[in-house]
Amino acid sequence: MTDTRGPQPQYEGYATGPLPGEREPAPGPSGPYHPPQAYPSPAGGTQGGQQHPGQGGGTLGGAQSVGGAQATRKPRTGARTTPRTRKARLRVAKADPWSVMKVSFLLSIALGICTVVAAAILWMVMDAMGVFTTVGGTISEATGSNESNGFDLQSFLSLPRVLIFTSVIAVIDVVLATALATLGAFIYNLSAGFVGGVELTLAEDE
């Protein structure tokens, strides 16, 4: 058969270069394709949590890189080690008279009981030491006469009489302390309305 199409045009690329299957690979190390990154990865790090072949210093995942950076972090030399004290400045603007009366009443009762107990213990100690006998004998000789034996101190300062006298004093103390504390609360409220009250500075240690 005879070709009647005539001479065909030859493309320059196909005419001068080898075919695609006959091309030699480009010089350089072979490896997987990595797309370009907007920010360069740190030295010895990883990309996407996977280790690239040929990188021996890489880690598995970004968490280990962060943990290593935290492990090598040095403490600050100028860190503050002294505890901080918080202070608050408050003002007692008003005292409730009812609460003051209740508290003063209970405190005065406790003080009265302590007074009675202390008087009883003191009398027992002085009686065991023989103070009443010695002093009573001296007073009897000084006040005695031919018709009478003088003043009997032991019978006058007996334990029942001492306890009764101390109890009366304790009751009077309860009444007076409660009344004076309540009156003092009213007076404080009146004075706090003019001068603002007592200011207190409270501190809290952390």
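No lab work stands behind these numbers, since they all come straight from the coordinates. From a predicted model like this one, the values you see are computed outputs, not experimental measurements.
For this structure, a couple of remarks:
- Enclosing the Cα atoms of the stretch 150-206 in their convex hull gives a volume equal to 200 cubic angstrom per residue.
- For the stretch 81-206, the fraction of alpha-carbon pairs in successive 5 Å shells from zero, as %: 2, 9, 11, 10, 10, 9, 9, 8, 7, 7, 6, 5, 3, 2, 1, 0, 0, 0
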